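Structure first, commentary second.
FYI, it's all coordinate maths here, none of it is from the lab. Not measured: the values here are computed from a predicted model. Note that each Cβ is placed from the backbone with ideal geometry, even for glycine, and that neighbours are counted across all protein chains shown.
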Amino acid sequence: MPEEPCQCPDCQRFYREHDRLIRENPTLRQQQELNWAALQSFRTLAGRVMEELQKQQEAAESAAQSAPAAQAAGAGADQAGDQAGEPDAFQQAMADLENINAHLFSIEALMERIFDVRVPEEVEQKFREVAGELAPDPLNADRLRLNRLLHQTPDLPG
């Protein structure tokens, strides 16, 4: 007996997004392009965040080097104490981002192989047919009636 799908909000959001991506990108070519764009956007964003955090860290280190003079004048002692626990979490976050970027580069290498595959139009048509079965239009009148009958819920969120 198959296990019931999880009903938590995160899983429900995933199921809706999963179905939407199939509906809106029902061919092999569209799925290839979608995944390539998602991978590239993830790499771009993660890389930029790492750059910004490295700049922030360098600025904090510069400020820390000039802090002894300020502390001698009696200013900033509390701030230095507050930052004492942060470097470990910050360093861990930077290490995690570096690992993510390394994994993304590995995924990109695999995706390049997938992206090279081309199929005839007949196969693309089969993708479209199966996509319609896997993720039918949620606003289709028949689907809305079926949802109402099976789940006794309103057709659209109110």
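Couple of notes before you dig in:
- Per-residue ³J(HN,Hα) for segment 38-43, Karplus 6.51 cos²θ - 1.76 cosθ + 1.60, θ = phi - 60°, Hz, x for Gly and Pro: 4, 4, 5, 5, 4, 4
- Cβ crowding within 10 Å ranks Thr27, Thr44 as Thr44, Thr27, fewest other Cβ atoms first.
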